[in-house]
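For reference, the structure is listed below as structure tokens.
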Amino acid sequence: MPKEFIVAIELGSSKMTGIAGKKNLDGSIQVLACIKEDSSSFIRKGVVYNIDKTAQSLTNIVSRLEKQLKTTITQVYVGVAGQSIRSIHNVIAKDLPNDSVVTQDMVIELMDANRNVNYPDQEILDAAVQEYKVDAQYQLDPVGIQCTHIEGNFLNILQRKSFYKNLNKCFENAEINVAEMYLAPLALADSVLTETERRSGCALVDLGADTTTVSVYSKNILRHLAVIPLGFNNIIKDIASLQMEESVAERMLIKYGCAYTENNEIDNNMKYSIDQDRQVESRKFIEIVEGRLEEIIANVWCQVPEEYCDKLLGGIILTGGGSNMKDIEKAFQNYTHIDKIRIAKFVTQTITSQIAEVTARDGRMNTVLGLLAKGDINCAGNEFDPNGDLFANQRQAPVDTPEQRRARTATETPAGVVRTAEEKRLAEEEARLKKEEEERLAREEAERKAREEAEERRRNSTWNKFGRWLKKAATEIVKEEE
């Protein structure tokens, strides 16, 4: 096995997926291994609810990957997604003296001020710059422009602090080094959307098991992001209400489910088999499926900001496992009246693999492949000992790079990257030490100035002046006597 590869892990509501791949010189990616584990008992709506079980599953995935790769894994890339992730707009304004020219430091000051905004019980995962308002003009890069007023328009992406802490705790407990956390919806968008779609305006809809993620783009900028706590498992549960196991309901959805059916095409005499003894009328089954799906689509459409509803020239792009449902495009067209609907079955990168589920092109692997494409730090360690030598297989620390050794500040973190709890702690510690050093230097400077001022006052005091005059007079008298 090659000694250089990237490892990415996606924590999904139904499956946790670990994938390893090698990046080739031509830009293509060769997927070497893929491991999946059922996560339905400890991950709900895309977030961790049982830390211990999640940590154990992460350990299992990494161990199984190491056995397949015959190489230890030093670190992994992780996707951050799930319920409670949402975006909120924020504006930071600053008045400037006349004839001021905007500098990079001024822009960083606006970004820092935005990052320091406090949202109760919410963690700022990322802050996407929308544009800057320089006096009355909007600019993407305001540096070098003369103005008296500047506003920074930001899209802050938030998640509940408890969910963020739980995710970090899982990897700490599993003793797995995190190379980088990345916002999964942004990694997905970068891998399935075309530049034309992002520029002309589009809505990316990831139809998952427990959640549906909506990302709206315009002029190559993320304008809105939301995770809806509804997914195709809700349809399965509705079918299961007909008194059947959810596993049976899932099979029926796959076999008979259709996203949109014209009323005159429904056969009132047709029945679908539940088991050997029971059946359900096709009309009732269709009403259950389409009723819940329409609710999901309605919630998706509500998440598209009003000012962009008639500007989605790039259309709506569907992906994820739910995009495989028959006539899903018709259902979205019927509700949104957007004719341009595309199903993204696979990522835009060139992927090669001998693993069937990777090359199935059914949209289920798009997010984890997008995370894999974001990786640029080698995750391979030493050769794995199949005999189980405890010391040989002990997970080694990743090789530090200059970027890794120095904790990045929020403004230095690339777009889409979520700082880990450890990285935030290191950055805060570095900022604290820097502040203490600045305060020490300020105190020393203040003390120096105080000494100089005291010395100046001493020199200029009446008695001091009289003493100098007396000394001068005495000197002159001595000279005269001589």
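The values are calculated or read from the model by the stated rules, or taken from the named source; none is laboratory data. These figures come from a predicted structure and were not determined experimentally. Using ideal geometry, Cβ is built from the backbone for each residue, glycine included, and neighbour counts are taken over all protein chains shown. To get the accessible areas, we keep the full protein, side chains included, count just its heavy atoms, and leave off ligands, DNA and RNA. Shrake-Rupley method; radii C 1.70, N 1.55, O 1.52, S 1.80 Å.
Here are some notes:
- Bridge type composition, the chain - antiparallel percent by DSSP, nearest 5: 80 percent
- Scalar couplings 3J(HN,Hα) for segment 149-154, obtained by applying the Karplus form with A = 6.51, B = -1.76, C = 1.60 to θ = phi - 60°, are 8, 9, 10, x, 9, 10 Hz; x denotes Gly and Pro.
- C-alpha center-to-center spacing [segment 271-319, segment 201-252] in angstrom: 9 Å
- Full-extension gain in nm, residue 68 to residue 254, via 0.36 nm per residue minus C-alpha separation: 63.8 nm
- Derived scalar couplings between HN and Hα for segment 70-79 equal 6, 8, 6, 10, 8, 6, 9, 9, 10, x Hz in order, rounded to whole Hz, by the Karplus curve 6.51 cos²θ - 1.76 cosθ + 1.60 (θ = phi - 60°), x for Gly and Pro.
- Between the C-alpha center of segment 45-91 and that of segment 330-358 there is a gap of 24 Å.
- Nearest 10 degrees, 0 to 90: helix 462-481 Cα axis against the chain principal axis: 40 degrees
- Whole-Hz ³J(HN,Hα) from phi, Karplus 6.51 cos²θ - 1.76 cosθ + 1.60, for segment 252-263, glycine and proline x: 5, 4, 5, 7, 10, x, 9, 6, 8, 9, 5, 4
- Surface calculation, 1.4 Å probe, protein heavy atoms: residue 339 sits at approximately 130 Å² accessible.
- For segment 92-147, the share of accessible area belonging to carbon and sulfur comes to 47 percent (1.4 Å probe, ligands and nucleic acids excluded).
- Neighbour-limited loop hits for trypsin sites (Lys or Arg not before Pro), segment 122-211 (at most 12 other Cβ within 10 Å; DSSP other than H, G, I, E, B): none
- Accessible surface calculations at 1.4 Å, restricted to protein heavy atoms, place segment 109-182 at 46 Å² per residue.
- Measuring nothing but protein heavy atoms, the accessible surface of segment 156-286 at 1.4 Å probe radius is 41 percent carbon and sulfur.
- Amide H partners (placed H, <5 Å) of residue 143, local residues excluded: none
- Calculated FRET value between residue 376 and residue 195, using beta carbons and R₀ = 25 Å, to 0.05: 0.75
- Projecting the Cα atoms of 257, 226, 212 onto the dipole axis of segment 205-264, where Lys and Arg carry +1 and Asp and Glu carry -1 at the beta carbon, places 226 farthest toward the positive end.
- Å² per residue, accessible surface of segment 227-354 at 1.4 Å: 56 Å²
- Computed [θ] at 222 nm, helices only, for the chain once each DSSP H run of length n ≥ 4 contributes -39500 (n - 2.57): -12500 deg cm²/dmol
- Straight-line cross-link reach from residue 330 at under 21 Å between alpha-carbon atoms covers these lysines, not counting any fewer than eight positions away in the same chain: 255, 284, 311, 340, 345.
- With Cα atoms, 0 to 90° folded angle of helix 104-115 axis to the chain main axis: 60 degrees
- Degrees separating the helix 51-69 axis from the principal Cα axis of the chain, which is the longest one: 80 degrees
- Stretching residue 139 away from residue 443 to a fully extended chain increases their span by 105.4 nm, per 0.36 nm per residue minus the current alpha-carbon distance.
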